[in-house]
Structures are given as structure tokens and as C-alpha cells.
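Shown next, in C-alpha cells, is the structure this report addresses.
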Amino acid sequence: MNRIQEKLKTDKKLLSIYFSAGYPSVNDTVEIIQELEKNGVDMIEIGLPFSDPLADGPTIQDSSTQALKNGMTSELLFQQLKSIRDTISIPLIIMGYFNPILQYGVEAFCKACQDVGIDGLIIPDLPVDVYDENYKHIFKKYGLINVFLITPQTSVERIRYIDSISEGFIYMVSSASTTGGNSGFQTEQTDYFKRVANMKLKAPQIVGFGISDNDSFKQATKDTKGAIIGSAFIKHLSVNGIKNIDTFVNTILH
Amino acid sequence: MSYNVDSKGYYGDFGGAYIPEMLYPNVEELRQNYLKVMAEPAFIESFNALLKDYVGRPSPLYFAKRLSEKYNTKIYLKREDLNHTGAHKINNTIGQILMAQRLGKKRIIAETGAGQHGVATATVCALMGLECIVYMGAVDIERQAPNVARMKMLGATVIPANSGSKTLKDATNEAIRDWINNPVNTHYIIGSVVGPHPYPDMVARFQAVVSEEIQWQLQEKEGRKDPDYVIACVGGGSNAAGAFYHYLDTPSVKLIAVEAAGLGVDSGESAATSFLGKEGIIHGSKTLLMQTPDGQITEPYSISAGLDYPGVGPMHANLFKTKRAEFIAITDDQAMDSGLELCQLEGIIPAIESSHALAVFKQKTFKPDDVVVVSLSGRGDKDLDTYIKHFKL
């Protein structure tokens, strides 16, 4: 069983953290992952930087741009992660836009993921149907789970379809927005979390976009399996560097 | 084999809709409705009436006698430069503003590079009384001040794109992000045959009026509706898509797409996407684009802001790959010389984009009885500063 699936079976609300690989400094990747695991984070999304991140707000755009300036590439990321499984046991997911993966070669990329111990991928601009028709067999061959997004605008029918091909969790985007927008949730969003929870999907839902502190973490996970924090953590990194990651994680969990 | 779009939104290997799920409802709404709306008699009537009375169509197909004598062939210029707002761009914005109205949208967003599409969008928004927000790279705002002023006079809000390289591709990213944040009330008027399906097809259909007119105008002048050649410049590719559209599947009509070589295809300062690009994804479309080996999109260069795009529409990527069209790259200097030549031979000051198409006559020899139609996509008023600097006028 894939580490993501195992983690989803545990009885707790999961905290997943996103960061851009190669930020703040190019060689921080491994240390950030180690610090996050040590302080109780359940899952990590390693952002593969891209020049044109369409779904991201300014915070992740900036960290992505800086990571590229620092010299981060797909190849370098895989080198950095070569021995990651010697020290890390929580699920690791690579989140990136499709073009860099396409240039690396989808199969070569999936193989490299398997080699270093990556458990899944989130590729926001790889459409569900294109994945289903053209790439699913490759992901399976290398034991990778592909994670799909839904939004408040996603129709019931489409949520059912996405659920049917999801083998891990569903990434539930909290509101119609790019990343790093408003923090906290209105009734509109919590109603949406409840509405989807009531659909009794087979794939658990993890909420992303808009979580930045303990309050929003609790709100997001009330009716769901967990929450993902990205921009708030990157802001922390931009101020503190890789110091005080323990403080950051603690303020989310407690 | 057809060179037009297939039912899934692909031109051969290119096209599709590679978009984040957040955009899916917006794009899907458009995909499900665009053909239906465009087929409605009332829509067609409004579109045609505005093209005639507001844009000033049909644009003339002008036999360029002195230019023809110089190059010893028969050259016709399709005068899109005479349209309201000065270029072919308005054909698309008229179509899309009517589409937005039919879909009940109250707020219009657009991207712009040099500002031509921004002006054409601001114009139709003023015409229809709709809110208009134009994203423009901070660098472009600096260098295209008159067009920024035009948009403001027309009531549009111009928002600088400060991300990435702060030019057209970043303005497009910002417009897409705006659409993600405003999924219900907003329509995104893309300015070229780029973006996720159905945009390339929809924009091509609105621009197709250009080749539709060429057919009957040429029939009147030459007694045949098919020329031997159609030549058009290609940035994203909307004027070429319009000029080629009704000839795509007529093999006897040879198509020539002209890209901006900038300082030279291999100079590192170029926008010749088909020569320098590789298959990839940009702005939701699988196409040819300029990128690093690691898949990061690179910044193109051309003296002409309208050709300064790192990708190309999927229709054109397919025309290139299948060799249906011949692609020619023209440098800054070659384009500028041909622009000046048209001024002096025909009394027409062309946009620098269009000057690239005209420069083909210095690269390629045509037969005396060949009928060659050139898409004169825009007028050169907006480029006076560049012409002044280049020729030290």
C-alpha cells in the first residue's frame, strides 16, 4: 500500500505542508522536509518551481521565481531527494505544473519519483480526462497516486467522476481563488465542505487554499480529513529562513 | 485530413485545454455554448451589423500596383489596417463581447502586450457599457504609454502585471488568475488564437471574416476566389488564422506564416517560436513554445510588440508540423526596411507586425502571374516612435 493511502487510514486530522523546492536557498529542500516531519506534519507537498504558475497567487509565484533563480530544476530536485527515504517516513508528494514534467518526459519523471520514494503527484494543469486516457497507466506502473482538485464550482457529477478515479485523497480547493488569498472561511465555504462530506465519497478530502493558523485549520478539518498549508508557510520561510519551523507547525496544530 | 480543429479541441497533436480545475467551469461553459451561440441568426445579424457599421468592414482588398511591379508578381493587400482601432484585433473583440452578453457576463477582462488588443477590448466594452479590466505587463505599460492612455479614455482599468518578466505572457497569466478568482460574472476576452480550447477555434472563427472577404473580393478582381499564396505574420497567430481560415483545406492555396526573428533566429533575441520552440503547454494549450530544457518558459524578443510571444496558437503549430504552411523568420531590420518600402511605394504606413509579412518579398521569389495576398494586419501609427528611432527620422 502506498504511504498516502496508509496515512489516510489513520485516525487523525492530517496537516500537509507545501513549499517550493529550492526556496529560500537552493539546498534547503531536505532540511525543510526533515524539520516538518520532526514537528508532526503528516504529509509534504514539494513544489516543483515553474516560470508561469497560473493557479498561484503572489507568495508562491515569488518563491517559485526565486527557486528558479537559485538554480532549481527537476533533475536537481531528484538529486537532492536521492537519500530522502533514509530519514523520512511520511508521504511525499511532488506538486508541479505539467510543462516541466512533459519536458522531463512523463515516464522518466514518474520513474525518478519512484526511485527516490515519492508517493504521489499533484499537477494542477493536467486535466483529469487527459490523465485518465493517456497517463494513468504510467503513474500506476511506478506506484504513484495522482491527486485531483475540486472547487466550490465543481459539479456533483464531476466530483463523482473525480472520486471514481482517485486512489488517494481529493484536494478540495476552499474557494474560487488562486493560492494565498483570504485566510479563514465564511459559511459559504464551510457549507461546501459539509456538502461534499455528505456525498460520502470513497476518497477522503483534504482542504487547501486559505489555511494559515489554528483557527482556519480547525475550521477546514471539521468535516474533512485534513488541510494543506502553502502560502502561510512560505511567508514564514521568507521571514525566518529555515529556522523556527517548529514554532510555525505548533501554531497551526495548537 | 482537415487542418481545422477536431471535436476534442485539437489541431493534430496540438491544442486541448490544459487548465487547472478552478478554470474548468468557466471554460466548459464557453465550450458548451460558443458554437450554439455563434449559429444563432440574431447573433450573426448583430455581429455582421457591427462589423459593417462600426468596424467599417469589408476591409478593402487592394491591388498594390507599384509593389507588384517591384517584385514582378501580383500583390494584393488585405487592408485590416483600415478597421476601427487600426488592426484586425477588433473583429475578435466584437465577436467576444457579443458572446459575453449572450452568456450573461457583466465584467470583461483581457490581456494585452503592446496595447492593441487592450484598446480593441476597451472599445467594445465602452460600446456595450460593460466593465473592462486590462492586464498589461509593467514593462509594456512603460513603453506603450499612448495605448495605456487610450484604454483609460475608453473607460478601462489597466492593471500592471508585476510577475515574471512583466510582459505579455505575464499579463496573460494575471488575466487567467483574475478569471480563477471571478469564475461566475466574468468573461475573459483572449486576444489571439491561443489559450485553452475553445478559445483558439472561437477566435479563429471571428477572424475568419478576413478570408471570407478575400474569397469574394478576389473573385471580383481576378475571377477566381483562390489566390496562389496567402502571407500573414504570426505572433499568437490571430490575423494569420483569419487570413488562412477558408483556405486551410484548399491545398492549391499556399500559406506562408511569418515569424519575428528579432535580431536573428540564433541570436538569443528572437520570437521565432516554430524554429526555436518545442512541444509543451502554455496558457492552457499544448503547442510549440520557447522554453529551457527544464521546461521553463523563456522570454522572446522582437522589435514588434505584437509578435513578442513565446508560444504560437495550436492551429499554427499544426500547420508547421504538417508542413501545410511554410514558416519564414524575418529579422527586425528586414521588417523595418519593408515597412518603409511600403510607405514609399504605396503610401501606406504599416504596423511593424505587418511589415514582417511584407519582408517575405525580399526572401522569396514569386512568379509574375502568381496572385499573392498579404494580410496587412494593422496600421503603423502606434509604431511611429520605433520607426523614428530606427530610421533616425
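In segment A:1-30, the residues that are part of a helix (DSSP H, G or I) form Cβ pairs under 9 Å with partners that are modelled with pLDDT under 95, at six or more places apart or across chains, as follows: A:LYS9/A:MET1.
Here is a yes/no grid of residues against (1) in contact with a Cys (Cβ under 9 Å, 6 or more places away or on another chain); (2) under 26 Å from B:PHE361 (Cβ atoms); (3) modelled with pLDDT under 95; (4) surrounded by 24 or more Cβ atoms within 10 Å (Cβ to Cβ):
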| site | (1), (2), (3), (4) |
| --- | --- |
| B:HIS283 | no, no, no, yes |
| B:GLY306 | yes, yes, yes, yes |
| B:GLY311 | no, no, no, yes |
| B:GLU326 | no, yes, no, no |
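Screening segment B:262-344 for strands (runs of 3 or more DSSP E) wholly inside it with 1 or more residues that are β-branched (Val, Ile, Thr) and over 24 Å from B:GLU111 (Cα atoms) returns the ranges B:325-331.
Determine, yes or no, whether A:ILE159 is open to solvent by less than 10 Å² (accessible area, probe 1.4 Å) and among the hydrophobic types (A, V, I, L, M, F, W, C). In short, yes. Restricting attention to segment A:157-211 and to residues that are hydrophobic (A, V, I, L, M, F, W, C) and within 12 Å of chain B (Cβ to nearest Cβ), the residue that is nearest to A:ASP223 (Cα to Cα) turns out to be A:MET172.
Residues are listed down the side, and each one gets a yes or a no for (1) of a type outside the set (Lys, Arg); (2) open to solvent by 10 Å² or more (accessible area, probe 1.4 Å); (3) closer than 16 Å to B:LYS321 by Cα; (4) within 13 Å of the chain's Cα centre (by Cα):
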{"position": "B:GLY195", "(1), (2), (3), (4)": "yes, no, no, yes"}
{"position": "B:ALA204", "(1), (2), (3), (4)": "yes, no, no, yes"}
{"position": "B:SER211", "(1), (2), (3), (4)": "yes, no, no, no"}
{"position": "B:GLY237", "(1), (2), (3), (4)": "yes, no, yes, yes"}
{"position": "B:GLY242", "(1), (2), (3), (4)": "yes, no, no, yes"}
{"position": "B:LEU248", "(1), (2), (3), (4)": "yes, no, yes, no"}
{"position": "B:LYS254", "(1), (2), (3), (4)": "no, yes, yes, no"}
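Restricting attention to segment B:218-252, the residues that are farther than 23 Å from B:SER7 by Cα and assigned to a loop (DSSP other than H, G, I, E, B) add up to 9. Taken together, the criteria place A:GLY105 among residues that are within 12 Å of chain B (Cβ to nearest Cβ), at positive phi and not aliphatic (A, V, I, L, M).
For segment A:58-96, the tally of residues that are closer than 16 Å to A:ASP28 by Cα, touching a strand residue (DSSP E or B) at 6+ places or on another chain (Cβ under 6 Å) and at the interface with another protein chain (Cβ under 10 Å from one of its Cβ atoms) stands at 1. Screening A:GLU107 on (1) touching a helix residue (DSSP H, G or I) at 6+ places or on another chain (Cβ under 8 Å); (2) not in a helix (DSSP H, G or I) shows it passes everything except condition (2). Residue count for segment A:144-156, restricted to those that are over 22 Å from A:LEU54 (Cβ atoms) and within 10 Å of chain B (Cβ to nearest Cβ): 0.
Note on segment A:110-141: residues that are more than 9 Å from every other protein chain (Cβ to nearest Cβ) and not in a helix (DSSP H, G or I) amount to 7.
Filtering segment A:28-47 to residues that are touching a Leu at 6+ places or on another chain (Cβ under 9 Å) and either facing chain B (nearest Cβ under 9 Å) or open to solvent by 10 Å² or more (accessible area, probe 1.4 Å) (or both) leaves A:ASP28, A:VAL30, A:ASN39, A:GLY40. Considered as a group, the residues in segment A:235-254 that are touching a residue at least 40 places away in the same chain (Cβ under 8 Å) and open to solvent by 50 Å² or more (accessible area, probe 1.4 Å) include one that is farthest from A:THR221 (Cα to Cα), and that residue is A:SER238. Out of the residues in segment A:75-117 meeting the condition of being without any contact (Cβ under 8 Å) to a residue 60 or more places away in the chain and β-branched (Val, Ile, Thr), tell me which one is farthest from B:GLY311 (Cα to Cα). The selected residue is A:THR87. Yes or no: B:GLY15 open to solvent by less than 50 Å² (accessible area, probe 1.4 Å), touching a helix residue (DSSP H, G or I) at 6+ places or on another chain (Cβ under 6 Å), of a type in the set (Gly, Ala, Ser) and within 14 Å of chain A (Cβ to nearest Cβ)? Against the criterion (open to solvent by less than 50 Å² (accessible area, probe 1.4 Å), touching a helix residue (DSSP H, G or I) at 6+ places or on another chain (Cβ under 6 Å), of a type in the set (Gly, Ala, Ser) and within 14 Å of chain A (Cβ to nearest Cβ)), B:GLY15 qualifies.
Return yes when B:ASP178 is under 19 Å from the mean Cα position of the chain (by Cα) and not hydrophobic (A, V, I, L, M, F, W, C) and no when it is not.
The answer is no for B:ASP178.
Filtering segment B:362-386 to residues that are open to solvent by 10 Å² or more (accessible area, probe 1.4 Å) and under 19 Å from B:GLU80 (Cβ atoms) leaves B:ARG379, B:ASP381, B:LYS382, B:ASP383, B:LEU384. Of the candidates A:LEU126, A:LEU68, A:LEU36, the single residue that is under 18 Å from the mean Cα position of the chain (by Cα), under 30 Å from B:LYS166 (Cα atoms) and not aromatic (Phe, Trp, Tyr) is A:LEU126. Total residues in segment B:345-393 satisfying the condition of being assigned to a helix (DSSP H, G or I), among the acidic types (Asp, Glu) and in contact with a strand residue (DSSP E or B) (Cβ under 8 Å, 6 or more places away or on another chain): the figure is 2.
To keep it simple, each residue is scored yes or no on (1) touching a residue at least 40 places away in the same chain (Cβ under 8 Å); (2) closer than 30 Å to B:PHE63 by Cα; (3) outside the structural domain of B:ALA359 (by TED's automatic domain parsing).
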| residue | (1), (2), (3) |
| --- | --- |
| B:GLY235 | yes, yes, no |
| B:ALA241 | yes, yes, no |
| B:ASP249 | yes, yes, no |
| B:GLY280 | no, no, no |
| B:LYS286 | yes, no, no |
| B:GLN296 | no, no, no |
| B:PRO310 | yes, no, no |
| B:GLY339 | yes, yes, no |
| B:CYS343 | no, yes, no |
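For segment A:65-117, filtered to residues that are of a type in the set (Val, Ile, Thr) and surrounded by fewer than 23 Cβ atoms within 10 Å (Cβ to Cβ), the residue that is farthest from A:ILE234 (Cα to Cα) is A:VAL106.
The values are calculated or read from the model by the stated rules, or taken from the named source; none is laboratory data. As the structure is a computational prediction, the values presented were derived from the model and not from experiment. Reconstructed Cβ throughout: ideal geometry from the backbone, glycine too, with neighbour counts over all protein chains shown. Keep in mind that these areas ignore ligands, DNA and RNA; they rest on the heavy atoms of the full protein, side chains included. Shrake-Rupley method; radii C 1.70, N 1.55, O 1.52, S 1.80 Å.
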